[in-house]
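Working notes, beginning with the structure itself.
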Amino acid sequence: MSGIFLNEDELEALDQVPAAARWLYIEILQRADYGDAVGGMPAVVVGRSKIITMNSLAKSLEYVPRRGSTRAPDIYGKGQIRHMLDQLKAAELIVKTTQSKYELVFRLPFAKAVR
């Protein structure tokens, strides 16, 4: 059975960001590659084997209510995703290691593999 685990350091840092940025972190965490090395240090890295983009992150947060609902959809643009990534970076939950026009690569300093 696979899943995600949030440790106390992550939970403390997540308290510093809005709810949408918390969900974005969870989406990023679900794409993590555990055990990759960055700069010679073992780390949790996202975006190396599974390419992620601003569009894929925006799509993963999108919520479209069922037909007949009066609730408005949650749809995020690239600027909003970029702002949330900046919030996660300020909380030290992510470190951008690469950003090309098409893909993002992050290191997750607080995330740890649970086996």
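Give all pairs with beta carbons closer than 8 Å in which a residue from the range 9-35 that is more than 16 Å from K50 (Cα to Cα) meets a residue that is surrounded by 15 or more Cβ atoms within 10 Å (Cβ to Cβ) and at pLDDT below 85; count only pairs at least 6 apart in sequence or on separate chains.
Here the result reads E10/A111, each pair linking the range 9-35 to a residue that is surrounded by 15 or more Cβ atoms within 10 Å (Cβ to Cβ) and at pLDDT below 85.
Please go through the range 69-81 and pick out each residue that is farther than 11 Å from L24 by Cβ and either in contact with a Pro (Cβ under 8 Å, 6 or more places away or on another chain) or part of a helix (DSSP H, G or I) (or both).
Going residue by residue through the range 69-81, those that are farther than 11 Å from L24 by Cβ are 69-75, 77-79.
R71, A72, P73, K78, G79 - these are the residues of the range 69-81 that are farther than 11 Å from L24 by Cβ and either in contact with a Pro (Cβ under 8 Å, 6 or more places away or on another chain) or part of a helix (DSSP H, G or I) (or both).
Checking K112 against (1) more than 17 Å from P18 (Cβ to Cβ); (2) modelled with pLDDT of 85 or more: exactly one of these is not met. Which one?
Here K112 clears every test but (2).
Filter the range 93-109 for residues that are modelled with pLDDT of 85 or more and within 12 Å of the chain's Cα centre (by Cα) and give the result.
Matches in the range 93-109: L93, I94, V95, L108.
Does S60 qualify as being of a type in the set (G, A, S), at pLDDT below 95 and over 14 Å from the mean Cα position of the chain (by Cα)?
Numbers: of a type in the set (G, A, S): yes; at pLDDT below 95: yes; over 14 Å from the mean Cα position of the chain (by Cα): no.
For S60, the condition - of a type in the set (G, A, S), at pLDDT below 95 and over 14 Å from the mean Cα position of the chain (by Cα) - is not met.
Tally time: how many residues in the range 52-92 are in contact with a strand residue (DSSP E or B) (Cβ under 9 Å, 6 or more places away or on another chain), of a type in the set (A, V, I, L, M, F, W, C) and surrounded by 14 or more Cβ atoms within 10 Å (Cβ to Cβ)?
Within the range 52-92, residues that are in contact with a strand residue (DSSP E or B) (Cβ under 9 Å, 6 or more places away or on another chain), of a type in the set (A, V, I, L, M, F, W, C) and surrounded by 14 or more Cβ atoms within 10 Å (Cβ to Cβ) number 6.
The values are calculated or read from the model by the stated rules, or taken from the named source; none is laboratory data. Just so you know, these numbers come straight off a predicted model, no measurement behind them. Note that each Cβ is placed from the backbone with ideal geometry, even for glycine, and that neighbours are counted across all protein chains shown.
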